[in-house]
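The values are calculated or read from the model by the stated rules, or taken from the named source; none is laboratory data. No experiment lies behind these values; they were computed from the predicted model shown. Here the Cβ positions follow ideal geometry from the backbone for every residue, glycine too, while neighbour counts run over all protein chains shown.
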Amino acid sequence: MKRREAIKLTALATLGVAVSAQACPSKGSCQTDSTKNRNLMTPKDPKKLTKGELKHTPQITLGDKDANGYTLVEITVGQGGIIHPSTQAHWIDFITLYVDKKLVGTTELEAEISRGAAAFRVKLDGAKYVTANAGCNLHGIWASTVTL
Ligand SMILES: [Fe+2]
């Protein structure tokens, strides 16, 4: 009986380690969402962004359309020459892309080794707009939209 319980506990502990390792593959992603600011942020005056707003607002650049009809959509976080920092304490941890209201891509970013940038190839035929969201662990989620 004791041996069976020991095997069961070992199996559960192994499973726990595996789940934990998957949820926290590296140092930069070990913060839980409760430690990140997940508030949706909006600029006070969209026509006159402050430095902090420029630093967090995703910039969307549309590129070429490939032979299969996928358009390059590049997103960088920071505008007007201001680049958002990427340190263990402060970084852009994700970028998502929506075409109209449909989620078409998301990327999770590690602190320090990467910064707030992502690129996607998407079909935009008939679409009305693209929206990018970028999440700063300290300063919330920021969005930009480009009308097509
Ligand atoms: Fe930030």
### Query
Taking segment 106-144 on its own, how many of its residues are of a type outside the set (S, T, N, Q), within 15 Å of the ligand (Cβ to nearest atom) and part of a strand (DSSP E or B)?
8
### Query
On the given criteria, is Ala67 surrounded by fewer than 17 Cβ atoms within 10 Å (Cβ to Cβ), among the hydrophobic types (A, V, I, L, M, F, W, C) and either modelled with pLDDT of 95 or more or outside any loop (DSSP other than H, G, I, E, B) (or both)?
yes
### Query
Is it the case that some residue within segment 44-58 is within 15 Å of the ligand (Cβ to nearest atom), assigned by TED's automatic domain parsing to the domain that holds Ile141 and polar (S, T, N, Q)?
yes
### Task
For segment 90-100, state whether one or more residues are away from the ligand (no atom under 11 Å from the Cβ), exposed (fewer than 14 other Cβ atoms within 10 Å of the Cβ) and modelled with pLDDT of 95 or more.
yes
